[in-house]
Amino acid sequence: KAGVTQTPRYLIKTRGQQVTLSCSPISGHRSVSWYQQTPGQGLQFLFEYFSETQRNKGNFPGRFSGRQFSNSRSEMNVSTLELGDSALYLCASGGGATYEQYFGPGTRLTVT
Amino acid sequence: QKEVEQNSGPLSVPEGAIASLNCTYSDRGSQSFFWYRQYSGKSPELIMFIYSNGDKEDGRFTAQLNKASQYVSLLIRDSQPSDSATYLCAVNRQGGSEKLVFGKGMKLTVNP
């Protein structure tokens, strides 16, 4: 079974720009969660989608948004990028009943 | 008090020794507990999960959970240099959400 895929793997943007990241979960998984990882803050929860509905949201500004499509693929968008948004953005795929989550390889975003 | 706390580390053990990693959590409603391993430059990899009090063994890994003390640990027996990585403790409250709350991680080095 294929794992979680994320595109792109690396991204360099300038302040003020916006970015869209994509995630395809493990086949059959309907839950997708997004996390931001930085050296200072560690892994922080951004949001969770299940069957195209946002089920939970972390404490991030409204510049961070996401959505999920009918095929369970998910995108997250960050508008008006700030230097502090530089991080590894991780997508996790959930199988449901057992609450286990499996991470994709991540997208490394650098904001200059 | 942080929701999930891990010893700051780093932890260094000789090859063949037992490595012990500890984690405490503050939310008594937490139901599922996970250990992830993250190699430098890579994404977290799920290595163990536990839901019930007691021990759960999988190969060289043993997860221990004590809900009364709000404590979860990971033991790695016969540590190998390939076990050198950052280990992340994560908890989930369930209740229809797969949101994970992570500790800051503990860096383990196994010396040959």
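Worth pointing out:
- Counting residues in region B:69-91 that are of a type in the set (Lys, Arg) and modelled with pLDDT of 95 or more gives one or more.
- Some residue of region B:5-14 being among the hydrophobic types (A, V, I, L, M, F, W, C), in a strand (DSSP E or B) and more than 10 Å from chain A (Cβ to nearest Cβ): yes
- Filter result for the condition that a residue is touching a Gly at 6+ places or on another chain (Cβ under 7 Å), among the β-branched types (Val, Ile, Thr) and crowded, with 16+ Cβ neighbours inside 10 Å, over A:19, A:32, A:4: A:4
- Total residues in region B:7-39 satisfying the condition of being among the polar types (S, T, N, Q), within 25 Å of residue A:89 (Cα to Cα) and at pLDDT below 95: the figure is 4.
- In region B:37-51, of all residues being in a loop (DSSP other than H, G, I, E, B) and surrounded by 19 or more Cβ atoms within 10 Å (Cβ to Cβ), the one that is nearest to the chain's Cα centre (by Cα) corresponds to B:44.
- Residue match in region B:17-36 (condition: touching a residue at least 60 places away in the same chain (Cβ under 8 Å) and exposed (fewer than 13 other Cβ atoms within 10 Å of the Cβ)): yes
- Residues of region A:10-40 classified as without any contact (Cβ under 8 Å) to a residue 24 or more places away in the chain and either away from chain B (no Cβ under 11 Å) or of a type in the set (A, V, I, L, M, F, W, C) (or both), total: 0
- Test result for residue A:108, within 13 Å of chain B (Cβ to nearest Cβ), under 16 Å from residue A:37 (Cβ atoms) and either basic (Lys, Arg) or touching a His at 6+ places or on another chain (Cβ under 8 Å) (or both): yes
- In a residue-by-residue description of region A:21-38, the property of being in contact with a helix residue (DSSP H, G or I) (Cβ under 8 Å, 6 or more places away or on another chain) and in a loop (DSSP other than H, G, I, E, B) applies to no position.
- Filtering region B:64-112 to residues that are among the basic types (Lys, Arg) and surrounded by 22 or more Cβ atoms within 10 Å (Cβ to Cβ) leaves only B:99.
- Of all residues in region B:66-93 being within 26 Å of residue B:41 (Cα to Cα) and among the polar types (S, T, N, Q), the one that is nearest to the other protein chains (Cβ to nearest Cβ): B:92
- Residue B:79 vs. criteria hydroxyl-bearing (Ser, Thr, Tyr) and over 28 Å from residue A:4 (Cα atoms): yes
The values are calculated or read from the model by the stated rules, or taken from the named source; none is laboratory data. For clarity, every value in this text was computed on a predicted model and none was experimentally measured. In this analysis, Cβ positions are derived from the backbone assuming ideal geometry, glycine residues included, and neighbour counts consider all displayed protein chains.
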